[in-house]
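Here's the structure we're looking at; comments come further down.
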Amino acid sequence: MTTTQGSTTITADDEAGQAAFDAVIAADSRIEPRDWMPAAYRKTLIRQISQHAHSEIIGMQPEGNWITRAPSLKRKAILMAKVQDEAGHGLYLYSAAQTLGITRDEMTEQLITGRAKYSSIFNYPTPTWADMGAIGWLVDGAAICNQVPLCRASYGPYGRAMVRICKEESFHQRQGFEILLSLMQGTDAQREMAQDAVDRWYWPSLMMFGPPDDASPNSAQSMAWNIKRFSNDDLRQRFVGMLVPQAEVLGVTLPDPNLRWNDETGRWDMSEIDWDEFFEVLAGRGPMNAERLRIRRDAHEDGAWVREAAAAYARKQAARVEDTREVA
Ligand code: 3HC
């Protein structure tokens, strides 16, 4: 039997699928790629997972910038491993998105033509070595805070990818903390460099959690579907609560004179985030947006021969298997 709702035709299969889907969500269980799912659920997952994958890939650039200039062989090896981890995270996430029916080529096209979003945080420059510390401590710290709840996302492939990613992110966060700690135990110039990096990365790291709850169009539905587990503002609060004691250990000052715990509200009071800056960066007008996309586009074009060679190799292997079958 079929019914129509507006321009959408609903079949009996859809009704049964919707009921099964609702039951899985109500039981806080998992939806897998072959399960029926509402078109809007699929669309929001593709949106969030592909944006997340793009963020990991673009996120390689600010740190890649320091690999050749890291101050010791040990620091260089750690940084290389970290940047390589980000590439791996991007690949897990692109694979998870592909299970929803979008191709890798489509996602790449959306990124390099500037139609896809990726995290605002990667559009800021990294002028000093201390930025590697601040990125690890603040950016990876914010990523963990946001991403640990995503390990319980209702879509199986996304949740499982997040488990692996979060393990690596905690190592990243600690290496950033350790870079800042070393600098803070160094000379006056090193301490100043560390504080300056914290001053520059603190506010953008708070923006990573997204717009305030009352300006977040996707949160309510994503939370109802058990994709997101906490609102943007709640995660931001949790993150600040994590940072305050760690900043004390480091000996750095968080650049917000109004930051204090409020016993009455049970929340951190803080200065207003500069949302104009956030929306400018999202619109592609941040300090490094154009450069990040140019580098990504060039890398994609320069890598064309690798993709062609891999495809030729795969064709050759497939033909060989076919020949062996014919002989047998
Ligand atoms: N940067 C860029 N875009 C952002 C953003 C940010 N910091 N915060 C929100 N947005 C975008 C949203 O994607 C959405 O855009 P769209 O509707 O056009 O797709 C719009 O702003 C409105 O925001 P919402 O709050 O309604 O959107 P969401 O419900 O999707 O919440 C989110 C935003 C919290 C970022 C959520 O998508 C999320 O948790 N994503 C997964 C985590 C992720 O992508 N992290 C990116 C950083 S990756 C990283 O940190 C790598 C590590 O190695 C450092």
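The values are calculated or read from the model by the stated rules, or taken from the named source; none is laboratory data. In this text, all values refer to a predicted model and were calculated from it rather than measured experimentally. With ideal geometry, Cβ positions are generated from the backbone for all residues, glycine too; neighbour counts draw on all protein chains shown.
Details
- The stretch 215-233, residues that are surrounded by 15 or more Cβ atoms within 10 Å (Cβ to Cβ), of a type outside the set (A, V, I, L, M, F, W, C) and either over 16 Å from THR44 (Cα atoms) or without any contact (Cβ under 8 Å) to a residue 40 or more places away in the chain (or both): SER216, SER219, SER231, ASN232, ASP233
- Complete set of residues in the stretch 49-74 that are more than 12 Å from the ligand (Cβ to nearest atom) and buried (at least 19 other Cβ atoms within 10 Å of the Cβ): TRP66
- Only one of the numbered conditions (1) closer than 25 Å to ARG200 by Cβ; (2) within 12 Å of the ligand (Cβ to nearest atom); (3) not in a helix (DSSP H, G or I) is not met by ASP85, and that is (3).
- Tally of residues being out of contact with any strand residue (DSSP E or B) (no Cβ under 6 Å at 6 or more places or on another chain) and away from the ligand (no atom under 16 Å from the Cβ) across the stretch 269-289: 3
- ILE121 being closer than 18 Å to ARG296 by Cβ, touching a residue at least 24 places away in the same chain (Cβ under 8 Å), within 14 Å of the ligand (Cβ to nearest atom) and β-branched (Val, Ile, Thr): yes
- Test: residue in the stretch 193-212 that is over 19 Å from the mean Cα position of the chain (by Cα), over 24 Å from PRO287 (Cα atoms) and surrounded by 13 or more Cβ atoms within 10 Å (Cβ to Cβ): no
- Scan of the stretch 213-228 for residues that are of a type outside the set (S, T, N, Q) and more than 16 Å from the chain's Cα centre (by Cα), ordered by number: ASP213, ASP214, ALA215, PRO217, ALA220, MET223, ALA224, TRP225
- Residue pairs whose Cβ atoms lie under 8 Å apart, separated by 6 or more positions or on different chains, with the first residue in the stretch 124-143 and touching a residue at least 12 places away in the same chain (Cβ under 8 Å) and aromatic (Phe, Trp, Tyr) and the second more than 13 Å from the ligand (Cβ to nearest atom) and not in a helix (DSSP H, G or I), are TYR124/PRO287; TYR124/MET288; TRP129/TRP66; TRP129/ALA70; TRP129/PRO71.
- Filter result (away from the ligand (no atom under 11 Å from the Cβ), more than 23 Å from ALA247 (Cα to Cα) and surrounded by fewer than 24 Cβ atoms within 10 Å (Cβ to Cβ)) within the stretch 124-156: CYS151, ARG152, SER154, GLY156
- Single residue of the stretch 238-248 satisfying the filter (surrounded by fewer than 19 Cβ atoms within 10 Å (Cβ to Cβ) and closer than 21 Å to MET162 by Cβ) that is nearest to the ligand (Cβ to nearest atom): ARG238
- Check on PHE230, within 12 Å of the ligand (Cβ to nearest atom) and touching a Pro at 6+ places or on another chain (Cβ under 6 Å): yes
- Within the stretch 265-297, tally of residues that are under 20 Å from ARG238 (Cα atoms) and in a loop (DSSP other than H, G, I, E, B): 7
- Of the residues making up the stretch 95-110, those that are in contact (Cβ under 8 Å) with a residue 12 or more places away in the chain, away from the ligand (no atom under 13 Å from the Cβ) and assigned to a helix (DSSP H, G or I) are SER95, MET107, THR108.
- Meets criteria (modelled with pLDDT of 95 or more, small (Gly, Ala, Ser) and assigned to a helix (DSSP H, G or I)) for ALA116: no
- The stretch 1-35 - residue that is surrounded by 15 or more Cβ atoms within 10 Å (Cβ to Cβ) and not β-branched (Val, Ile, Thr) and, of those, modelled with the lowest pLDDT: ASP14
- Where a residue in the stretch 37-55 is within 16 Å of GLY210 (Cβ to Cβ) and its partner, wherever it lies, is near the ligand (Cβ under 6 Å from one of its atoms), with Cβ under 6 Å and at least six apart: GLN51/LYS117; SER55/SER119
- Yes/no for ARG164 being surrounded by fewer than 18 Cβ atoms within 10 Å (Cβ to Cβ), among the charged types (D, E, K, R) and modelled with pLDDT under 95: yes
- Looking across the stretch 193-216, just one residue is polar (S, T, N, Q) and more than 16 Å from the ligand (Cβ to nearest atom), and that is GLN195.
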